[in-house]
């Protein structure tokens with residue numbers, strides 16, 4: 001009996017380690033090639049070549065970029081706060097990776113006669129876990145600007161703090177109707193609740209608010225105020241070089257993948273879809289969001305700072321609150337609960 005229990009526990013550990021390794025490999029590889037895809041797509045939009053020298057069709061460019069980052073001199077300003085300066089890049093990348101632990105990326109599989117959910121950790125408060133890690137990610141921007149002891153980096157971090165806190169509110173409020181419809185904070189339950197119809201059909205306003213908010217959370221155009229290169233050199237990571245700058249850079253693209261996965265989970269039915277395997281559906285939806293983010297970068301101008309704050313506080317937040325009230329009224333009228 002004890003041997004059987006040990007075998008069962010060992011299998012659980014192996015499955016967990018396999019899922020963690022798979023998620024790490026896929027996210028880091030996808031983030032690297034998302035950088036390459038963005039450079040090629042922006043080149044196509046702007047009628048130029050883009051990276052096409054390293055490897056066939058430039059496909060080894062991410063490897064060349066990694067080698068460049070690892071071999072560049074790691075410089076720290078003389079008056080910088082040493083430990084906070086070193087901690088900030090990790091604070092920018094790690095929360096985004098951890099968030100993917102609660103995102104289900106496929107229907108459960110049967111392994112040795114037992115169902116295995118395709119999620120690293122199927123928490124019953126997965127949505128709250130995501131919101132908590134989203135709040136922690138703000139510290140990467142704050143510490144990077146503060147610890148650098150640079151006026152440009154400090155201005156970029158102050159802008160980033162105000163932006164992330166503002167749009168995190170509207171992002172969280174936009175997800176309340178999905179919880180009301182699914183009656184669960186577990187992301188797997190939210191996906192299963194969309195088996196007969198995606199939530200984007202019932203909550204198009206919530207989807208639009210969430211999409212705009214995650215653009216701001218990613219600090220992507222038109223919300224790239226914290227990194228405005230025409231005003232702040234590079235914003236909150238101006239003083240970083242080498243692989244520490246690389247962590248900030250890759251963290252942004254990991255965030256795009258993770259937030260795209262969350263948008264697919266909350267509003268586009270997660271892995272649900274006809275004909276194709278569930279994992280393919282999920283991956284396709286995530287890549288569609290990544291393409292949208294890149295397309296917007298090549299299309300839209302940057303907002304002014306006052307426009308950004310006005311849009312978040314005076315438009316998105318009131319609309320999200322109104323949507324919650326209307327959703328609650330509709331559920332009471334139709335279901336009496």
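Just so you know, all these numbers are worked out from the coordinates, no wet-lab data involved. Bear in mind that the values here come from a model prediction, so they are computed numbers and not experimental data. Cβ atoms come from the backbone with ideal geometry, glycine included; neighbour counts cover every protein chain shown.
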Taking square-rooted eigenvalues a ≥ b ≥ c of the alpha carbon gyration tensor, is the chain rounded, prolate or oblate, where a/c under 1.5 means rounded and, failing that, a/b exceeding b/c means prolate? oblate
As a check on your grasp of the helix formula, calculate [θ] at 222 nm for the chain: sum -39500 (n - 2.57) over DSSP H runs of n ≥ 4, divide by the residue count, round to the nearest 500. -22500 deg cm²/dmol
Post the alpha-carbon centroid distance, the range 35-81 to the range 135-150, in whole angstrom. 24
Apply the a/c threshold of 1.5 to the C-alpha gyration tensor of the range 1-113 and tell me whether it is rounded, prolate or oblate. oblate
Whole-Å distance, taken between Cα centres, linking the range 296-319 and the range 154-187: 15
Dividing the mean separation of Cα pairs under 8 Å (6+ apart) by the residue count of the range 11-150 yields a relative contact order in percent of 25
Using alpha-carbon positions, the gyration tensor of the range 156-269 gives root eigenvalues a ≥ b ≥ c; with a/c under 1.5 called rounded, otherwise prolate if a/b exceeds b/c, else oblate, the class is prolate
To make sure I understand, if each residue's beta carbon is the centre and we count other beta carbons within 10 Å, what order do 68, 285 fall in, fewest to most? 68, 285
How long is the gain from residue 33 to residue 183 if the chain were fully straight, where each residue apart is worth 0.36 nm and the alpha carbon distance is subtracted? 50.3 nm
Going by C-beta contacts inside 10 Å, put 74, 306, 65 in order with the fewest on the left. 306, 74, 65
The chain - percent relative contact order, Cα under 8 Å, separation 6 or more: 22
